[in-house]
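Asks: Below is a structure I'd like to ask you about.
The values are calculated or read from the model by the stated rules, or taken from the named source; none is laboratory data. Since we're looking at a predicted model, the values are computed, not measured. Because the Cβ atoms are built from the backbone with ideal geometry, glycine has one as well, and the counts that use them run over all protein chains shown.
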Amino acid sequence: MTFIDWSDSDEMLGLLSEYVADEWSASAGDVERAAFLSELAREIHAIIDRPPEQTIQSLRSICDSQSADFAGDEVLTHVRDCIEELERIQSQTFS
């Protein structure tokens, strides 16, 4: 069994990146969603290894910049959930 350290923001972002990549692979029949997920994966990969505060801001910017066509996509729901968890981790770190 693999242990996932949910308090490690880098590991959490890595898992999010893997999830987006898996969704991208699964969306081969939907050209528009595949393009959206490909770009999202690229953007998430570009922020890996940033400090948590910058990661949170970058993820917010990524969500805010998405087309209204994909605003309700389940992948963006996971990105928002990741932001919330990173904020929770950060608040516990500074408490």
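Asks: Looking only at the range 39-61, count how many residues are part of a helix (DSSP H, G or I) and among the basic types (Lys, Arg).
Replies: First pass over the range 39-61, keeping only residues part of a helix (DSSP H, G or I): 39-47, 52-61.
Next cut, among the basic types (Lys, Arg) only: 42, 60.
Result for the range 39-61: 2.
Asks: Then there is this: Mind listing whichever residues of the range 73-95 are in a loop (DSSP other than H, G, I, E, B) and either over 21 Å from residue 20 (Cβ atoms) or within 11 Å of the chain's Cα centre (by Cα) (or both)?
Replies: Of the residues in the range 73-95, the ones in a loop (DSSP other than H, G, I, E, B) are 73, 94-95.
Scanning the range 73-95 gives 94, 95.
Asks: Now for a different question. Do you know which residues across the range 21-31 are surrounded by 13 or more Cβ atoms within 10 Å (Cβ to Cβ) and farther than 12 Å from residue 70 by Cβ?
Replies: Within the range 21-31, 21, 22, 24 qualify.
Asks: Please work out which one of (1) part of a helix (DSSP H, G or I); (2) surrounded by 15 or more Cβ atoms within 10 Å (Cβ to Cβ) is the condition residue 11 fails and give its number.
Replies: Going through (1) part of a helix (DSSP H, G or I); (2) surrounded by 15 or more Cβ atoms within 10 Å (Cβ to Cβ) one by one, residue 11 breaks only (2).
Asks: So for the range 29-36 (the condition being in contact with a Phe, Trp or Tyr (Cβ under 6 Å, 6 or more places away or on another chain), touching a residue at least 12 places away in the same chain (Cβ under 8 Å) and part of a helix (DSSP H, G or I)), does at least one residue qualify?
Replies: yes
Asks: To continue, here is another question. Filter the range 72-95 for residues that are of a type in the set (A, V, I, L, M) and touching a Cys at 6+ places or on another chain (Cβ under 9 Å); which is nearest to residue 24 (Cα to Cα)? Before you say what the answer is, go through the steps one by one.
Replies: The initial filter retains those residues of the range 72-95 that are of a type in the set (A, V, I, L, M), namely 75-76, 79, 83, 86, 89.
Adding the requirement that they be touching a Cys at 6+ places or on another chain (Cβ under 9 Å) leaves 76, 79, 83.
Numbers: 76: 13, 79: 14, 83: 20 Å.
Here the answer is 76.
Asks: Sticking with this one: Taking the range 62-72 as the search range and keeping residues that are of a type outside the set (A, V, I, L, M, F, W, C) and in a loop (DSSP other than H, G, I, E, B), which one is surrounded by the most Cβ atoms within 10 Å (Cβ to Cβ)?
Replies: Of the range 62-72, the ones of a type outside the set (A, V, I, L, M, F, W, C) are 64-67, 69, 72.
Then drop every residue that is not in a loop (DSSP other than H, G, I, E, B), which leaves 65-67, 72.
Values: 65: 9, 66: 17, 67: 9, 72: 8.
So, considering only residues that are of a type outside the set (A, V, I, L, M, F, W, C) and in a loop (DSSP other than H, G, I, E, B), the one surrounded by the most Cβ atoms within 10 Å (Cβ to Cβ) is 66.
Asks: Out of all the residues in the range 32-48, which are exposed (fewer than 15 other Cβ atoms within 10 Å of the Cβ), over 13 Å from the mean Cα position of the chain (by Cα) and either among the small types (Gly, Ala, Ser) or more than 16 Å from residue 67 (Cα to Cα) (or both)?
Replies: 35
Asks: Looking at the range 28-52 only, could you name the residues that are at pLDDT 90 or above and more than 18 Å from residue 18 (Cα to Cα)?
Replies: Passing the criteria: 29, 30, 31, 32.
Asks: Taking residue 17 and the conditions (1) more than 14 Å from residue 82 (Cα to Cα); (2) at pLDDT 90 or above, which numbered condition does it fall short on, given that it satisfies the others?
Replies: Among (1) more than 14 Å from residue 82 (Cα to Cα); (2) at pLDDT 90 or above, residue 17 violates only (1).
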